[in-house]
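Reading through the structure tokens given below for one structure.
The values are calculated or read from the model by the stated rules, or taken from the named source; none is laboratory data. Just so we're clear, the structure is a prediction, and the values are computed from it rather than from any experiment. All Cβ positions, even for glycine, are placed from backbone atoms using ideal geometry, and neighbour counts span all protein chains on display. Ligands, DNA and RNA are excluded from the accessible area calculation, which covers all protein heavy atoms including side chains. Shrake-Rupley method; radii C 1.70, N 1.55, O 1.52, S 1.80 Å.
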Amino acid sequence: MGEEIEPRIIEGALSLPYRWATGPVGARFLEGLKNKKILGTRCPKCRRVLVPARKFCPRCFVDTDEWVEVGDKGILRTFTIINFSFVGQVRKPPYIVGIIELDGADVGFTHFIGGVDLTDIEKAARELRPGMRVQAVWREERKGDILDIEYFKPVRE
Amino acid sequence: MRKVAIVGVGQTRCGRRDDVSFPELVHEAVKEALEDARLDIKDIEAFITGSMPAPMSGINAPHLYWADAVGAYRKPIIRVATCGTTGGSIAHTGYYHVASGLFDVVMVVGAEKMYEGDPQGVMTTIWDYRYERPFLAGAPGVFAMQAMEYIHRYNFTLEEVAEAAALLSVKHHLAALDNPYAHIKQEITVEDVLRSRIVAYPIRLLDICPISDGACAVILASEDKARKITDTPVWIKGLGYCGDEQLLADKDLVWWLSAVKAAQKAYKMAGIENPVKQIDVAEVYNPFTYQELTFYECFGFCSRGEAVKLVKEGFFNKDGQLPTDPSGGVLCTNPIGATGLQRIAEAALQVMGRAGKRQIPAVETAFAHAMGGSYSLNSVFILSRSK
């Protein structure tokens, strides 16, 4: 098709605003965080306490009918140390993310793990182990957001 | 339900494909598949297309963007997008089209152009904006948590699991050298893997798939048509698909319910009671080495907690009891929307006996898998030389 021309790259971007409805259950959970309370809901069928609070149980497909305050301490089920960057990242790497089994809850809770020196990632990882106790570190100024908890820190009890 | 066969496959060279536009990339795979089946575009009655969530390529209805490239003028075209499982989901959808009797010849097309956007940024927008998004870092962050849980559950040391993971990486990188479509072609050692940069602890750079541009197309046909089109139809003998709960922390990350159930369903349909004995080669969707260990267990290739030992014994090597990913797998090539379909295409080539240097001898039955979301979805196909 005639002379060869190098393919070009056209640069562009998408940035779209949204406004997301929390629903009443979500609103009450987030309001709880403002007051340093982690709220779950109990499924009437399997009796599990689900955190964050749900309107319905994913397994039993029935509406939850009871609010339960769970502990802000729990057991670290698993973790990872994030050491790469991407668009929209909330924290500057390296940082730790874990799944916590909060006292009184029957499902895991995903959040940041902190209070660990991250200068050496492998050394930091050795300070953490699945099964250890962790506790929420609350922000002074809370606005009803999952990040009202700054992170969970390892505790000795 | 009617029998359905794979009668042609087409794959593009994968990697950074700045040389072509996204539709042109798709077009390459479509033409390859038509040539492979010796069919004309007029023989294709319907198209099932799929890729990752549309922001991956920044064009929000990719099936419209691809319409001309697949040849869908005045024909049905559907988009199915289920994250990493997409390649499996579009093949399922294609199967339903033909098995139902509504169509005789259908083309399934999966593709991705990951170098055009920020894949980890896009994947992070998949998670729940209220409770998960700040924490779940792309795919590596999500799947690294599984590695630590696996180590803890079976009382392994990190070192023994890391070594098995590294052995898998070495094996797949070596295999990819034999695959003309593969992206990463690099011979590596266990030491290289264990010394590579930590991306999401304990996962290192060489434990992780690349991002790739690439496309794959597969043509499915009814029994009557398949017999006319080819002497080597590959029969879809069984298929299974299963989902799980929404939130990551609700799920069992080691004994994946959706992987277990998808495999069981496919095995039942295909009459497979002993996977290791009855499956000759498996194309497992393996973007992360540690994760691959859990899949082997969920698919019944070994018992729970046994994968580490078997990997070290060479059980899954090319000359082992159950060879996995002779293509080099997802670990070396990962245009996500195409990746699951590449597993099916590669498994089909193995059954046809046309897999070139990556061919496993005398393949009668092959396994092809796809996974998507945060431990959310799994798809399994059993392909066979016999109906």
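Things to note:
- Kyte-Doolittle at least -0.5, axis length at least 18 Å by Cα - qualifying DSSP helices, chain B: B:22-37, B:86-99, B:138-153, B:158-176, B:257-270, B:336-352
- Residues whose amide H comes within less than 5 Å of that of A:Arg77, counting only those at least five positions distant or on another chain, are A:Ile99, A:Ile100, A:Glu101, A:Gly131 (H built at 1.01 Å from N in the peptide plane).
- Cα gyration tensor category, rounded, prolate or oblate, for the range B:266-387 with a/c compared to 1.5: rounded
- Built amide H within the under 5 Å cut-off of B:Val4, gap 5+: B:Ile236
- Computing Rg and the Kirkwood Rh from the Cα coordinates of the range A:73-157 gives a ratio, Rg/Rh, of 0.96.
- Normalised by residue count, the protein assembly as shown yields a Cα convex hull volume of 163 Å³ per residue.
- Pairs from the table (A:Lys34/A:Lys153; B:Lys42/B:Lys185; B:Lys261/B:Lys387; A:Lys153/B:Lys312; B:Lys171/B:Lys251; A:Lys45/B:Lys251) lying more than 27 angstrom apart at Cα are B:Lys42/B:Lys185; A:Lys153/B:Lys312; B:Lys171/B:Lys251.
- Residues in chain A average 60 Å² of solvent-accessible surface per residue, probe 1.4 Å, ligands and nucleic acids excluded.
- For A:Trp20, the solvent-accessible surface computed with a 1.4 Å probe is close to 130 Å², ligands and nucleic acids excluded.
- B:Lys387-A:Lys45 pseudo-label distance in nm [points 7 Å out on the Cα-to-Cβ vector]: 4.1
- R0 of 41 Å, Cβ-Cβ distance A:Ala21-B:Ile188: FRET efficiency to nearest 0.05: 0.25
- Here the range B:26-40 and the range A:1-51 have alpha carbon centers that stand 39 Å from each other.
- Here the Karplus curve 6.51 cos²θ - 1.76 cosθ + 1.60, taken at θ = phi - 60°, turns the phi angles of the range A:11-17 into couplings of 9, x, 8, 10, 9, 10, x Hz, with x standing for Gly and Pro.
- Residue by residue along A:87-99, Cβ atoms of other protein chains within 10 Å of the local Cβ number 5 on average.
- For the range B:313-325, putting each phi into the Karplus relation 6.51 cos²θ - 1.76 cosθ + 1.60 with θ = phi - 60° gives couplings of 7, x, 4, 9, 6, 4, 9, x, 5, 9, x, 10, 6 Hz, in residue order, rounded to whole numbers and with x for Gly and Pro.
- Solvent exposure ordering (accessible area, 1.4 Å, most first) of B:Phe295, A:Phe61: A:Phe61, B:Phe295
- Put a dot 7 Å past the Cα of A:Arg91, heading toward its Cβ, do the same for A:Glu140, and the two dots end up 2.0 nm apart.
- In order through the range B:216-225: 3J(HN,Hα) via Karplus (6.51 cos²θ - 1.76 cosθ + 1.60), integer Hz, x for Gly, Pro: 9, 9, 9, 9, 10, 9, 5, 4, 4, 5
- Between the alpha-carbon centres of the range B:224-262 and the range A:112-157 there is a gap of 38 Å.
- Chains B and A, summed buried accessible surface - 1.4 Å probe, Å², nearest 100: 3400
- Pairwise centroid distance, computed over Cα atoms, of the range B:130-208 with the range B:319-382, Å: 19
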